[in-house]
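What follows is calculated from the coordinates using simple rules that are stated; it is not laboratory data. Predicted model, so just to flag it, every value in this text is computed and none were measured. Positions of Cβ are backbone-derived with ideal geometry, glycine not excepted, and every protein chain shown enters the neighbour counts.
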Amino acid sequence: MPVVTRFPDCRIRINAKDHPPPHFHVLLNDGREAWVTITELKIVHGKVAAREIAEVLAWANENRAMLAARFEELQR
């Protein structure tokens, strides 16, 4: 499970052979996890508030094309 980037409170991961829709996983240091869609940057799974990962969502917004390409690459 490749880690795409790290933040002080979490890391971002995209799983190989994962299910649609294209998404990434936010793994918080406290053990919680959220799944975030790449196209809408919407939390679709997990008990994490958007305000808790605001920095991640801002980064993802700027890097959406790269995230989509990585997701696609890992699905082959």
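Key figures for this structure:
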read-out: Of all residues in the stretch 7-20 being within 12 Å of the chain's Cα centre (by Cα) and assigned to a loop (DSSP other than H, G, I, E, B), the one that is surrounded by the fewest Cβ atoms within 10 Å (Cβ to Cβ); value: Asn15
read-out: Considering residues of the stretch 27-43 that are free of Cβ contacts under 8 Å to residues at least 12 places away in the same chain and more than 16 Å from Arg11 (Cα to Cα) only, the residue surrounded by the fewest Cβ atoms within 10 Å (Cβ to Cβ); value: Glu40
read-out: Any chance Leu41 is in contact with a helix residue (DSSP H, G or I) (Cβ under 8 Å, 6 or more places away or on another chain) and part of a loop (DSSP other than H, G, I, E, B); value: yes
read-out: Residue within the stretch 44-61 that is in a loop (DSSP other than H, G, I, E, B), surrounded by 14 or more Cβ atoms within 10 Å (Cβ to Cβ) and touching a residue at least 24 places away in the same chain (Cβ under 8 Å) present; value: no
